[in-house]
1. Condition first: within 13 Å of chain B (Cβ to nearest Cβ) and of a type in the set (K, R). Can you find one or more residues in segment A:211-219 that meet it?
2. Out of curiosity, is B:S451 farther than 27 Å from B:R147 by Cβ and either in a loop (DSSP other than H, G, I, E, B) or not hydrophobic (A, V, I, L, M, F, W, C) (or both)?
3. Return yes or no: is A:G77 part of a helix (DSSP H, G or I) and modelled with pLDDT under 95?
4. Does any residue of segment A:4-18 turn out to be more than 7 Å from chain B (Cβ to nearest Cβ), open to solvent by 50 Å² or more (accessible area, probe 1.4 Å) and modelled with pLDDT of 95 or more?
5. Only one of (1) within 14 Å of chain B (Cβ to nearest Cβ); (2) in a helix (DSSP H, G or I); (3) of a type in the set (S, T, N, Q) is not met by A:T107, so which one is it?
6. Could you list, in sequence order, all residues of segment A:117-131 that are open to solvent by less than 80 Å² (accessible area, probe 1.4 Å), modelled with pLDDT under 80 and not polar (S, T, N, Q)?
7. Please determine whether any residue of segment A:68-78 is crowded, with 23+ Cβ neighbours inside 10 Å, more than 10 Å from every other protein chain (Cβ to nearest Cβ) and within 20 Å of A:P265 (Cα to Cα).
8. Only residues in segment A:279-300 that are modelled with pLDDT under 95 count as the first member; pair them with residues that are open to solvent by 10 Å² or more (accessible area, probe 1.4 Å), Cβ under 7 angstrom, at least 6 apart or cross-chain, and list the lot.
Amino acid sequence: MTATTASARSDLSEVGRSEATLRTFLHGLPGVDQVGAEQRTAMLGTRSIKTTAKAWAIDLAIRMVDLTTLEGADTPGKVRALAAKALRPDPADPSCPPVAAVCVYPTMVPVAAAALWGTTTRSAGDAGRVHLASVATAFPSGQAPLEIRLADTRSAVAGGADEIDMVINRGAFLSGRYREVYDEIVAVKAASGDAHLKVILETGELVTYDNVRRASWLAMLAGADFIKTSTGKVPVAATLPVTLVMLEAVRDFRDATGRQVGVKPAGGIRTTKDAIKYLVLVNETAGPDWLHPDWFRFGASSLLNDLLMQRTKLSTGVYSGPDYFTLD
Amino acid sequence: MFEYAPAPESRAVVDLKPSYGLFVDGEFVEPADGGTIKSINPASEEVLAEVAEAGPADVDRAVRAARRAYDEVWGPMPGRDRAKYLFRIARIIQERARELAVLESLDNGKPIRESRDVDVPLVAAHFFYYAGWADKLGHAGFGPDPRPLGVAGQVIPWNFPLLMLAWKIAPALAAGNTVVLKPAETTPLSALLFAEICQQADLPPGVVNILTGAGETGRALVEHDGIDKVAFTGSTEVGRQIARSVAGTRKKLTLELGGKAANIVFDDAPVDQAVEGIVNGIFFNQGHVCCAGSRLLVQESVYDEVLASLKRRMARLRVGDPLDKNTDIGAINSAAQLDRIRTLAEIGSSEGAERWSPPCELPDRGFWFAPTVFTGVSQAHRIAREEIFGPVLSVLTFRTPAEAVEKANNTPYGLSAGIWTDKGSRILWMADRLRAGVVWANTFNKFDPTSPFGGFKESGYGREGGRQGLEAYLDV
């Protein structure tokens, strides 16, 4: 959908006014043909990215990684190690860029802030090279009263997180209570203050591409700075076709409103080959404007080491074993 | 910017000889009168190889070899044994897929992505599919023991050289016929490699004969008294000549000719996928597709939206070296075809349609044409009526489903059509009324050996593919 007229631009602010306007708008979005969307990503998956293009893509992918640990077993020690890795992914090669952010649970935010920046606020310049993201809003299910989810958000921001990864209320979305989902996102956005808000759609639970497109627009209308595929905690996480649909949504949303929103596939992206397929998808769907860590991120943990191995292979011509790259 | 570095497929896998003879009775032989044709790479104008030009004496020799093979070996052979040969050919095609794909792209100019992912896999699939029919002809619905026709003379075009060969040879052989096939003069090389594959498969001599040459060779083949069946894919004009020349003979005829397909986009279509389908419909294989969706019919209420998306998508098409794995649009097959496309495009402009192409750099050598869309086209324009056979799309609009059907059918052709809508009932309503051999719903240019393909009206008659495709090669 490409609404480019000036009148369409001003109309969108009214869409969230009532349940009826929201429903009319979301159900009026063009459908997604499942077969066609999957064929498109399969075709783009055959793009052959070699030599200089591959080197460029690997460095960009490293700069887009939200290095993530979201385990019950997370400890301050684990988080400090992750922060160190985020700042210097490849200690053997100073030309290797840092990742975009580390992503942790709210309880681990102060530890991560201290490890990344030495203080609880990210400063400009070198010391603030890496962002600090925190999942909030009763991640991953979102099944807690709104007040608790907002308190969760506020505590993460107070601890120093400058990016909040929230989950939407899938139960409300799937039962058609769009206004409720919308209002909750607006409330979390307000609770996030200056922090960037990434809205996790949990596409594995929305199942259909039509739902993914509607949820993407709903989140953007409610003020999301990023839309993100998954928590990584359900069996189906990020896929190329889901990301395609979301990239189409942010592209069309910018055409309609002038505001650019980022996209973050998360979960299940483990290899350089996968990451490059995503970058090709970004390039040929939303366009080069999104090929920047401000507008596209990978939520991943094991991806980073594969990127580093491939990066070393490209520069030295030989593969090193996993022992030559740091854990965490 | 994400600049994709060149990713060329290696040519080393193809072992081209400087010159080729004719494939008759199981071996390569010199032509009787020694004429030759040069086959060039349309992307660089470099000469790839010289091939023989078969004359009437060569045609006669090949037809006699085919007749002998039919009478003595292939005709009497049980279907299950014919199937073994066809399965063997199919497997060798898969084993040599890369070689075939590279050669096809070199000789034809089509992107390696298409020859690798579409043409060659479909070629193998056709042989596998018809291999399965060879011992089951009694169950195909043509009686308990349908008989083959005898010797088939087959003439194929340059747009899908190997795939058209498979569409012709696989059902003919499965039904028990022997064949003499003439590939197009600009794209003979993959058929000659197929001849080598027949040798590798130990196919009995004379069952498949390949005669290279131009129009005169084709005419001599079609008019030869010794053949029982003519199968032709190509232009409507040549198809008419062939129909005249076989009129009053015993020869059975199937023709698969031109098209001017309508690709119809309704206002409730999945727009992003519809745009992909429009692009695939007209720019697949540089638009050298008889069933190409060369007329886009868009419902007026979504015209601006669809056109804006289409232009944005067209700007992403990668035009260039056919052997680069990231190329979307390759070279136009010949200088003559390029001339025809240019002429019709100029007529489009002079008749008042608005022409648009994305900015794209075309190589200096070779035959190239930028993907082009004409808007403001009406049914009265020549670019809406004549087959351009190139990457040129004409855009028209409609208001109601009935008007869409009327405009889609308002053409002398009737090969294919596309419908894009989320409403299932409308797809069925439209498909009932469209006078086209193939109607695609929410997709375009999809082929499968199990699905019959063929035309209405001036797009020809007879069907290729599926159970129906056997009928053309059986005495029923």
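1. The answer is yes; a qualifying residue exists.
2. Working: farther than 27 Å from B:R147 by Cβ: no; either in a loop (DSSP other than H, G, I, E, B) or not hydrophobic (A, V, I, L, M, F, W, C) (or both): yes.
No.
3. Working: part of a helix (DSSP H, G or I): yes; modelled with pLDDT under 95: no.
No: the conditions fail for A:G77.
4. Scanning segment A:4-18 turns up no residue that is more than 7 Å from chain B (Cβ to nearest Cβ), open to solvent by 50 Å² or more (accessible area, probe 1.4 Å) and modelled with pLDDT of 95 or more.
5. (1)
6. Answer for segment A:117-131, where residues must be open to solvent by less than 80 Å² (accessible area, probe 1.4 Å), modelled with pLDDT under 80 and not polar (S, T, N, Q): A:G125, A:A127, A:G128.
7. Taking segment A:68-78 as the starting set, the residues that turn out to be crowded, with 23+ Cβ neighbours inside 10 Å are A:68.
Then keep just the ones that are more than 10 Å from every other protein chain (Cβ to nearest Cβ); that gives A:68.
Retained after the next criterion (residues that are within 20 Å of A:P265 (Cα to Cα)): A:68.
Among the residues of segment A:68-78, at least one is crowded, with 23+ Cβ neighbours inside 10 Å, more than 10 Å from every other protein chain (Cβ to nearest Cβ) and within 20 Å of A:P265 (Cα to Cα), which makes the answer yes.
8. Cβ pairs passing all conditions: A:A300/A:T68.
The values are calculated or read from the model by the stated rules, or taken from the named source; none is laboratory data. Note that this is a predicted model, so its numbers are computed, not measured. So basically every Cβ, Gly included, is an ideal-geometry build from the backbone, and we count neighbours across all protein chains shown. Ligands, DNA and RNA are stripped out before the accessible areas are found, and what is left, the full protein with its side chains, is counted by its heavy atoms. Shrake-Rupley method; radii C 1.70, N 1.55, O 1.52, S 1.80 Å.
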